[in-house]
Amino acid sequence: MNENLPLSYLLGMTVRAHHLEMISLLKKNNSELSPELNVILFLLSLEKLTQQDLANFLMKDKSFILRQIDTLIKKGYVVRETNKQDKRKKLIELTEKGYNTLCTFKNIGNVIEKRIYSGIEKKSLTQFRDTLDKIKKNLDFDHNNPIEKAIKEHSEKINVCKKNTV
């Protein structure tokens, strides 16, 4: 291990390598969606959300999310419906095609995780996760993080996919 390399560089390159591996496996599985669009599908699998909810969760501006949602609608992965409680808001919901694609995405993620965690003891991974969590807290990043809250609230839905498609 080269201790002269900044930790931020190692983290950044690890995230980039993971992203490129995800893109490669998505292409091999003939997915027309990017990892970013798959993250939106993942969030929508937890519950129906508004475009504003997605923008807040992903810390992106609403116009970016609007373009992403429009792409997903055109490709048949999600639908937009009027919120019955507030007619001004539109809820975004997964279609069956979106759900099936999400399952493929989750299976690809599992393949990548097996590869990247190979040879690493569970105890080391737990320590690494704890360290990253502390770093995140030191950066004041986790104040009421809506993604983490939604994942905790809907954890029973996260691993629900009927078939192994990879």
Every pair of residues 6+ apart whose Cβ atoms lie under 9 Å, when the first sits in the range 113-135 and is free of Cβ contacts under 8 Å to residues at least 40 places away in the same chain and within 17 Å of VAL15 (Cβ to Cβ) while the second is aliphatic (A, V, I, L, M) and loosely packed, with under 11 Cβ neighbours inside 10 Å: PHE128/ILE120; ILE135/LEU7
Residue satisfying all of: in the range 94-111; of a type in the set (A, V, I, L, M, F, W, C) and over 14 Å from the mean Cα position of the chain (by Cα); surrounded by the most Cβ atoms within 10 Å (Cβ to Cβ) among these: LEU94
Residue under evaluation ASN83, criteria (1) at pLDDT below 90; (2) surrounded by 13 or more Cβ atoms within 10 Å (Cβ to Cβ); (3) more than 20 Å from PHE105 (Cβ to Cβ), criterion not met: (2)
Residues within the range 72-103 that are more than 17 Å from LEU54 (Cα to Cα) and in contact with an Asp or Glu (Cβ under 8 Å, 6 or more places away or on another chain), tallied: 1
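Name the one entry in LYS97, LYS106 that is in contact with a Phe, Trp or Tyr (Cβ under 6 Å, 6 or more places away or on another chain) and part of a helix (DSSP H, G or I).
Values: LYS106 fails: in contact with a Phe, Trp or Tyr (Cβ under 6 Å, 6 or more places away or on another chain).
Residue meeting the stated conditions: LYS97.
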Test: residue in the range 48-62 that is modelled with pLDDT of 85 or more, among the small types (Gly, Ala, Ser) and over 19 Å from the mean Cα position of the chain (by Cα): no
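The values are calculated or read from the model by the stated rules, or taken from the named source; none is laboratory data. Just so it is clear, the structure is predicted and the values come from calculations on it, not from any experiment. We place every Cβ from the backbone using ideal geometry, glycine too, and count neighbours over all the protein chains shown.
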